[in-house]
Each structure stands twice: as structure tokens, then as C-alpha cells.
1. Tally time: how many residues in the range 69-109 are more than 20 Å from the chain's Cα centre (by Cα) and more than 14 Å from ILE138 (Cα to Cα)?
2. Just to be sure, is GLN172 surrounded by fewer than 12 Cβ atoms within 10 Å (Cβ to Cβ) and touching a residue at least 40 places away in the same chain (Cβ under 8 Å)?
3. Among the residues of the range 33-61, which ones are in a helix (DSSP H, G or I), free of Cβ contacts under 8 Å to residues at least 24 places away in the same chain and not aliphatic (A, V, I, L, M)?
4. If the Cβ limit is 7 Å and pairs must be 6+ apart or interchain, which residue in the range 110-132 that is assigned by TED's automatic domain parsing to the domain that holds ILE158 pairs with which residue that is among the polar types (S, T, N, Q) and part of a helix (DSSP H, G or I)?
5. For the range 25-84: of the residues being touching a Phe, Trp or Tyr at 6+ places or on another chain (Cβ under 8 Å) and loosely packed, with under 15 Cβ neighbours inside 10 Å, which is nearest to SER151 (Cα to Cα)?
6. Considering only residues that are without any contact (Cβ under 8 Å) to a residue 60 or more places away in the chain and exposed (fewer than 11 other Cβ atoms within 10 Å of the Cβ), look in the range 288-308 and name the one that is nearest to ASP124 (Cα to Cα).
7. Is the range 305-313 home to any residue that is under 17 Å from the mean Cα position of the chain (by Cα) and either over 21 Å from ASN6 (Cβ atoms) or assigned to a loop (DSSP other than H, G, I, E, B) (or both)?
Amino acid sequence: MKNIKNINIIGTGKALPHNEVTASMVDEMCAFKAGHTLKITGLEKRYFLKNQSSEALMQEAIDGALSDAQMQVDDIDCIIAAFAVSQQAIPYNGAWVHGILKPSRHIPSFDINMTCLSALRAFDMASYLLETYSNILIVTCDIASGGLDWSDIRTAGIFGDGASAMIVGKSQGGGILVSGFETHSEGFEYCQIRGCGSKHPPSTYLGDYKEIGNFEMNGKKLFKLSSKILPQFIDRTLESVGLCLADIDWIVPHQASQASLNHIIRMLKIDKEKLVDIFRDHGNQVASSIPIALHALRMRKTLKSGDKVMLIGTSAGVGLGLVVWEVP
């Protein structure tokens with residue numbers, strides 16, 4: 001194996017809002033027949049932010065990662081904010097995170113945005129930065145509930161809110177064995193929020209801005225495209241370093257939907273015990289999905305040195321991302 005990027009995950013943390021929303025509660029809210037939401041989405045419960053701040057949610061996740069790593073805020077040398085959506089248009093998320101943490105030093109911060117793959121891309125990018133920064137904090141905090149159109153239950157019904165934090169540092173062994181990212185922009189419009197940017201500023205939009213401020217997804221077209229391009233992408237990326245799926249001990253996918261996770265198992269013909277599936281009680285937490293699923297795997301305490309963990313997913317755009325991390 002060549003060009004291993006020596007990176008270790010020192011600590012992880014997650015936070016869920018206090019407000020639990022079950023499938024039956026969604027049925028009642030949308031005036032559906034009992035059991036309809038669960039049947040359509042496969043999601044038993046999710047957590048939506050209510051009477052709680054996103055700052056508090058993110059702080060809880062960061063505190064968990066610091067405790068896991070046995071570190072203090074001032075041990076961090078760089079902050080990467082890997083959200084799918086900005087807290088506000090300007091300034092950038094990293095500065096907001098820095099202001100909440102209040103480190104004693106003016107440590108650098110920046111954003112990476114690849115929607116659902118933001119944290120995965122940040123993890124890969126961090127491996128290149130460890131020659132400069134000893135300890136890097138990667139943070140996500142996505143409040144999907146704020147932009148859902150409940151007239152489309154197949155889309156709105158699969159999402160949940162959450163925050164994650166991951167602290168990484170240089171490892172003596174193990175690390176990223178291979179990483180790959182691709183963009184398939186023919187699916188650009190399959191997942192989008194058309195508003196909230198310079199293309200459609202509120203000052204020039206005629207009509208109700210909510211029409212373009214909510215999340216939109218063409219699930220059928222996205223699923224069809226992803227099913228076509230993902231298997232070859234995985235094979236190509238693994239083969240580039242002499243790996244195959246049989247070499248992988250754990251698969252941590254983006255928790256896009258229950259249907260997508262079931263499809264991964266069938267498509268890749270893998271043992272479902274290898275796949276980390278937290279969808280039924282978390283939902284699709286956008287950029288927080290992969291790191292929270294990875295946190296769940298770490299908390300099982302079944303990871304051992306030498307295990308190969310494949311982190312994999314798709315994003316709006318359409319982007320593909322894959323990282324194989326060998327536990328040091």
C-alpha cells in the first residue's frame with residue numbers, strides 16, 4: 001500500500017436535539033393514516049431542534065469529542081466547519097464555531113461544503129494539513145427541519161437534525177489508504193435549495209420566497225443516477241490501491257434513506273453486519289450523517305488496530321465520495 005496518509009481519529013462526539021419526533025407524530029401533524037409515514041420512510045423517529053439553540057447543540061457535540069480525546073479547547077490548532085448549510089450567508093461557519101468555543105488563541109478556521117459529504121471531504125483534507133496543525137477539529141451542525149416541505153412526505157419525512165465533532169491528529173501507523181471524489185453534475189438539480197444565494201436574492205424574487213427556500217429532491221432520478229455510477233466508482237477507487245470489498249471490515253455510509261441503505265447491501269452483496277445503519281432512529285442528518293454513524297461504530301468498542309473502515313456516500317451536485325481509513 002503506497003501513499004498512506006497517516007491520520008488518527010482521537011475523539012468523536014455527537015448531539016441530538018431534545019425534541020423527539022416519532023413517525024406517528026408526523027402522521028398526526030400531516031393528517032395521515034396511522035402508520036403511513038413509517039411505511040413510506042422506514043424512519044421510526046428523528047430529532048428536530050425546538051426550544052434549543054444550534055449553538056448549544058454544536059457545543060454538546062464538541063464537548064463530547066474533547067472529552068473522548070481527553071483534550072481542552074486550547075489543544076485544538078485548526079477548526080474545519082463541514083456543514084451542509086451555512087448558519088447565515090456571511091460570515092463563514094468556521095468563524096461562528098471559533099466564536100462559540102472562545103479559544104485563547106486566534107487559531108485558523110475555514111469551511112468545507114460538499115453538502116452530505118462535507119465531513120468526509122474535511123477528513124480527507126485534514127490528512128494533508130497535519131504537517132502544519134497537530135490537532136484538527138471537524139464540526140458539523142445541520143438543522144434540516146428548518147427547510148422541509150411537508151407536502152412531500154417522501155422527502156421531508158426522512159430527515160433529522162444533529163451535530164457532530166471529530167478531532168484528528170497524525171498517526172504512527174494506519175491512516176487513509178485511499179480516497180476518491182467525483183462530480184456528476186448531470187444530477188445538479190436533483191437535490192437543491194434554489195433560494196438563499198446570489199442567483200435568486202430576496203430583493204429581486206417575485207413571489208413567496210418559501211417557494212425556493214425549502215429543500216427539493218427528485219428522489220427517483222437521484223436514486224437511478226446513484227445506482228448507475230456508485231458501484232463502478234467504488235470498484236475503481238478500491239482497485240487503484242489493490243483493495244476489494246472483501247478487504248473492508250466496516251462500511252459507514254451516508255444515511256440517505258432506508259431504501260438506499262438496503263440497496264447498498266444488495267448492490268455490493270455485502271454482509272449487512274458490516275454496514276453501520278443508524279437511519280431508523282436518526283434519519284438523514286445531511287453532513288452530520290457520516291460522522292455520527294462513525295461515532296456509533298467507535299462507541300461499540302469493536303474497532304481494533306488494522307480494521308479497514310470504508311466511509312462512502314453521495315451528495316447534492318451529484319458528488320461521490322469514498323475514504324478507506326485503517327485504524328492505527
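The values are calculated or read from the model by the stated rules, or taken from the named source; none is laboratory data. The structure presented is a predicted model; accordingly, all values stated were derived computationally and were not measured. Please note: Cβ atoms are built from the backbone with ideal geometry, for glycine as well, and neighbour counts cover all protein chains shown.
1. So the answer is 14.
2. Working: surrounded by fewer than 12 Cβ atoms within 10 Å (Cβ to Cβ): yes; touching a residue at least 40 places away in the same chain (Cβ under 8 Å): yes.
Judged against the criteria, GLN172 is a match.
3. Answer for the range 33-61, where residues must be in a helix (DSSP H, G or I), free of Cβ contacts under 8 Å to residues at least 24 places away in the same chain and not aliphatic (A, V, I, L, M): just LYS39.
4. Correct list of pairs: ASP111/ASN93; ILE112/SER118; CYS116/SER289.
5. CYS30
6. Ranking the candidates gives LYS304 first.
7. Applying the first criterion (under 17 Å from the mean Cα position of the chain (by Cα)) to the range 305-313 yields 309-313.
Now narrow it down to the ones that are either over 21 Å from ASN6 (Cβ atoms) or assigned to a loop (DSSP other than H, G, I, E, B) (or both): 312-313.
Looking for residues that are under 17 Å from the mean Cα position of the chain (by Cα) and either over 21 Å from ASN6 (Cβ atoms) or assigned to a loop (DSSP other than H, G, I, E, B) (or both), one finds at least one in the range 305-313, hence yes.
Let's see how each residue does on (1) among the polar types (S, T, N, Q); (2) within 23 Å of GLY146 (Cβ to Cβ); (3) part of a helix (DSSP H, G or I); (4) outside the structural domain of THR115 (by TED's automatic domain parsing):
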site	(1), (2), (3), (4)
LEU222	no, yes, yes, yes
LYS228	no, no, yes, yes
LEU238	no, no, yes, yes
ALA246	no, no, yes, yes
ILE251	no, no, no, yes
ILE265	no, no, yes, yes
ARG280	no, yes, yes, yes
ILE292	no, yes, yes, yes
LYS301	no, no, no, yes
